[in-house]
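Engineer: A single structure is presented below for examination.
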Amino acid sequence: MSIEFLDPTHESGAAPFSLAKRLTTLKGATIGIVSNGKKGTQPFFDAVERELIERHGAAKVVRTTKSNYSAPAEAEIMTQTERWQALISGIGD
Amino acid sequence: MTTAARETQPASALGSKRYVADDAMAAQEFFHSRGWTDGLPVVPPTAQAVNACLEWALMPPGQLVGIEPVRQRPITAEKLAVNAVMAGCLPMHFPVVVAAFTAMLQEPFLLHGATASTGGCAILIVVNGPVRTELGMSGTFNALGPSDRATTVIGRAIRLILCNLLDARPGEVDRSTLGHPGKISYCVAEDEEHSPWLPLAEERGVPPHASAVTVMAAGAPRQFMNEWTTQPEEILDTYAAEIRANMRHYSIWPGNYALVVPPQLRAHLERAGWSKADVREYVFRKARIRRSEWRDCGKGSVVGERGDREYAAFGSPDVVLVIAAGGPAGGFGAVIAPWYGNKSRAVTLAIGACVDCEI
């Protein structure tokens, strides 16, 4: 005997988020780095910062750190992102 | 038998997409093929069964139970009911599922972090009040395992909801390194009948005799044994030692530890006149380590300059969750550690309570 049943998933259509427009160059750009605050992010992002400036010509790298690495970034950080041309968000253990 | 199912058109107020399979086995395979189960068989969520849950809870299908804050995903009563039916819930179990998930959606619980973390916690649900006996829950034998139908299916419903509504499947949003068996189902009813202690929910502000749930982002139970003393202090020293072990081996940060106290140990505490508040206060004082102890555990590289600093397992005695549960014999107890300190806080909510209704 056939059986009819309901879909258990959220059935949302497209994801509510989309990728930001890609930059064609990093030259002269202000780039933000949002760390989740774990110990391993420090040396990793130090190296990323150097690469962005020395190899790709970024004008400035702004480093920020979330206060809780398991929670979304605070509103103050999100406000800052509006002044950046690009953002790198990363975790580290 | 076929694993294919056909999409059909809805014919009632329920908004979920519908499928038709040739038979119950075909439906099972369809659910497995979509990744909609936890690996166990599910009860096909028919419209009739889902409506029965909603009617029992007096909830219209579209009622908004809450919004998952990180991805802004709305959680409706209908979708909770679909997953509850799949887990094996009867209509009378559904209000407990709704209360537990509503509690999980409260900001202090940090739902996304708790369910996505590599830390691998599960959602522990502690049930208090008359609903326990109404649903045939048992807080005695095998209390932290599959002790009875109601706790098993309610705990499982929460896991299926996380998988199907928030994509917390392994390797998707659930990034657990190890996880633990409580992720299948982790629900316990407090044994209020065999203890003079205040029920957990009442200690946490719910009126006496009201039914309630407490949810906690929880590690696996750490079971210990001490049947060689009748002294409250010595019994609780074993609890504190188990907490300290967790602080040494897992996380040093303070949080909502749960202490599960079965009857044999409880009897000694109760006979000596110790209340839950006394237990919490004693363990608060004893569950502390110095950071330098990490050197004994292979973590010397992160001791740094703070080796002499003392770390307490709790910010205050109030955050300790003391739960009376377990079978009548055996000098065992258990500590359930929080997922990574106090990033997620335990939330207690009365069943049927509205968290954002205007009074």
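The values are calculated or read from the model by the stated rules, or taken from the named source; none is laboratory data. These numbers were taken from a predicted model, which means no experiment stands behind them. Note that each Cβ is placed from the backbone with ideal geometry, even for glycine, and that neighbours are counted across all protein chains shown. The protein model used for the area step is the full one, side chains on, heavy atoms only, and it has no ligands, DNA or RNA in it. Shrake-Rupley method; radii C 1.70, N 1.55, O 1.52, S 1.80 Å.
Engineer: Out of the residues in the range B:103-122 meeting the condition of being of a type in the set (S, T, N, Q) and more than 9 Å from chain A (Cβ to nearest Cβ), tell me which one is nearest to B:Glu55 (Cα to Cα).
Structural biologist: To start, the set of residues in the range B:103-122 that are of a type in the set (S, T, N, Q) comprises B:106, B:115, B:117-118.
Retained after the next criterion (residues that are more than 9 Å from chain A (Cβ to nearest Cβ)): B:106, B:115.
Details: B:Gln106: 25, B:Thr115: 29 Å.
That would be B:Gln106.
Engineer: Let me ask something else. Is it true that some residue in the range A:61-81 is touching a strand residue (DSSP E or B) at 6+ places or on another chain (Cβ under 7 Å), in contact (Cβ under 8 Å) with a residue 12 or more places away in the chain, away from chain B (no Cβ under 14 Å) and among the small types (Gly, Ala, Ser)?
Structural biologist: Taking the range A:61-81 and keeping what is touching a strand residue (DSSP E or B) at 6+ places or on another chain (Cβ under 7 Å), we get A:61-66, A:73, A:77, A:80-81.
Narrowing further to those that are in contact (Cβ under 8 Å) with a residue 12 or more places away in the chain: A:61-66, A:73, A:77, A:80-81.
Within this subset, residues satisfying the condition of being away from chain B (no Cβ under 14 Å) are A:61-65, A:77, A:80-81.
So of that shortlist, the ones also among the small types (Gly, Ala, Ser) come out as none.
No, the range A:61-81 contains no residue that is touching a strand residue (DSSP E or B) at 6+ places or on another chain (Cβ under 7 Å), in contact (Cβ under 8 Å) with a residue 12 or more places away in the chain, away from chain B (no Cβ under 14 Å) and among the small types (Gly, Ala, Ser).
Engineer: Pairs needed: first member in the range B:26-46, within 12 Å of another protein chain (Cβ to nearest Cβ) and open to solvent by 30 Å² or more (accessible area, probe 1.4 Å); second member anywhere, in a helix (DSSP H, G or I) and of a type in the set (Gly, Ala, Ser); C-beta distance under 8 Å; at least 6 residues apart or different chains.
Structural biologist: Here the result reads B:Val43/B:Ala49; B:Val43/B:Ala87, each pair linking the range B:26-46 to a residue that is in a helix (DSSP H, G or I) and of a type in the set (Gly, Ala, Ser).
Engineer: When the range B:254-292 is examined, which residues are found to be farther than 20 Å from B:Ser316 by Cα, part of a loop (DSSP other than H, G, I, E, B) and touching a Gly at 6+ places or on another chain (Cβ under 9 Å)?
Structural biologist: Within the range B:254-292, B:Pro262 is the sole residue that qualifies.
Engineer: Might you let me know whether the range B:126-148 holds any residue that is within 14 Å of chain A (Cβ to nearest Cβ) and either without any contact (Cβ under 8 Å) to a residue 40 or more places away in the chain or under 22 Å from B:Ala220 (Cβ atoms) (or both)?
Structural biologist: Taking the range B:126-148 and keeping what is within 14 Å of chain A (Cβ to nearest Cβ), we get none.
No: zero hits.
Engineer: Same structure, new question: Find the residue count for the range B:278-303, including only residues that are surrounded by fewer than 14 Cβ atoms within 10 Å (Cβ to Cβ) and in contact with a helix residue (DSSP H, G or I) (Cβ under 8 Å, 6 or more places away or on another chain).
Structural biologist: Residues flagged as surrounded by fewer than 14 Cβ atoms within 10 Å (Cβ to Cβ) and in contact with a helix residue (DSSP H, G or I) (Cβ under 8 Å, 6 or more places away or on another chain) within the range B:278-303 amount to 4.
Engineer: Here's a follow-up. Within the range B:313-352, track down each residue that is outside any strand (DSSP E or B) and open to solvent by 50 Å² or more (accessible area, probe 1.4 Å). Show your work before the answer.
Structural biologist: Initially, the range B:313-352 is screened for residues outside any strand (DSSP E or B), giving B:313-320, B:325-331, B:339-346, B:351-352.
Result: B:Gly315, B:Asp318, B:Pro328, B:Ala329, B:Tyr340, B:Asn342, B:Arg345, B:Gly352.
Engineer: Here is a check on your reading of the model: is B:Ser16 polar (S, T, N, Q), open to solvent by less than 10 Å² (accessible area, probe 1.4 Å) and either part of a helix (DSSP H, G or I) or touching a Pro at 6+ places or on another chain (Cβ under 8 Å) (or both)? Lay out the reasoning, then the answer.
Structural biologist: Numbers: polar (S, T, N, Q): yes; open to solvent by less than 10 Å² (accessible area, probe 1.4 Å): yes; either part of a helix (DSSP H, G or I) or touching a Pro at 6+ places or on another chain (Cβ under 8 Å) (or both): yes.
Here the answer is yes, as B:Ser16 does meet what is asked.
Engineer: Could I ask something else about it? Could you count how many residues in the range B:66-102 are touching a Phe, Trp or Tyr at 6+ places or on another chain (Cβ under 7 Å), more than 13 Å from chain A (Cβ to nearest Cβ) and open to solvent by less than 10 Å² (accessible area, probe 1.4 Å)?
Structural biologist: Of the residues in the range B:66-102, 1 are touching a Phe, Trp or Tyr at 6+ places or on another chain (Cβ under 7 Å), more than 13 Å from chain A (Cβ to nearest Cβ) and open to solvent by less than 10 Å² (accessible area, probe 1.4 Å).
Engineer: Keeping to the range A:1-30, report how many residues are away from every other protein chain (no Cβ under 14 Å), hydrophobic (A, V, I, L, M, F, W, C) and surrounded by 13 or more Cβ atoms within 10 Å (Cβ to Cβ).
Structural biologist: Of the residues in the range A:1-30, the ones away from every other protein chain (no Cβ under 14 Å) are A:19-30.
Right, trim to hydrophobic (A, V, I, L, M, F, W, C) and you get A:19-20, A:23, A:26, A:29.
With surrounded by 13 or more Cβ atoms within 10 Å (Cβ to Cβ) added as a condition, the list becomes A:26, A:29.
So the answer is 2.
Engineer: With a cut-off of at least 3 residues that are more than 14 Å from the chain's Cα centre (by Cα), name the strands (runs of 3 or more DSSP E) lying wholly within the range A:1-78. Break it down stepwise before answering.
Structural biologist: Numbers: elements: A:3-6, A:30-35, A:60-65.
Ranges flagged: A:3-6.
Engineer: Which residues, taken from the range B:48-65, are buried (at least 19 other Cβ atoms within 10 Å of the Cβ) and either polar (S, T, N, Q) or more than 13 Å from chain A (Cβ to nearest Cβ) (or both)?
Structural biologist: Passing the criteria: B:Ala57, B:Met59.
Engineer: Filter the range A:36-72 down to residues that are open to solvent by 40 Å² or more (accessible area, probe 1.4 Å) and of a type in the set (A, V, I, L, M, F, W, C), then give me how many there are.
Structural biologist: So the count comes out to 3.
Engineer: Quick check on A:Leu26: is it in contact (Cβ under 8 Å) with a residue 60 or more places away in the chain and aliphatic (A, V, I, L, M)?
Structural biologist: Numbers: in contact (Cβ under 8 Å) with a residue 60 or more places away in the chain: yes; aliphatic (A, V, I, L, M): yes.
It is true that A:Leu26 is in contact (Cβ under 8 Å) with a residue 60 or more places away in the chain and aliphatic (A, V, I, L, M).
Engineer: Go through (1) of a type outside the set (D, E, K, R); (2) at the interface with another protein chain (Cβ under 8 Å from one of its Cβ atoms); (3) crowded, with 18+ Cβ neighbours inside 10 Å one by one and return the number of the condition A:Ile33 breaks.
Structural biologist: So A:Ile33 meets the others, but not (2).
Engineer: Going residue by residue through the range A:73-88, is there one that turns out to be under 19 Å from B:Thr115 (Cα atoms) and open to solvent by less than 90 Å² (accessible area, probe 1.4 Å)? First the steps, then the outcome.
Structural biologist: Pass one, the range A:73-88, residues under 19 Å from B:Thr115 (Cα atoms): A:73.
Filter once more, so that each one left must be open to solvent by less than 90 Å² (accessible area, probe 1.4 Å): A:73.
Yes, some residue in the range A:73-88 is under 19 Å from B:Thr115 (Cα atoms) and open to solvent by less than 90 Å² (accessible area, probe 1.4 Å).
Engineer: Does B:Pro207 qualify as being of a type outside the set (Ser, Thr, Tyr), open to solvent by 30 Å² or more (accessible area, probe 1.4 Å), away from chain A (no Cβ under 14 Å) and more than 25 Å from B:Val319 (Cβ to Cβ)?
Structural biologist: So B:Pro207 does not fit the description; no.
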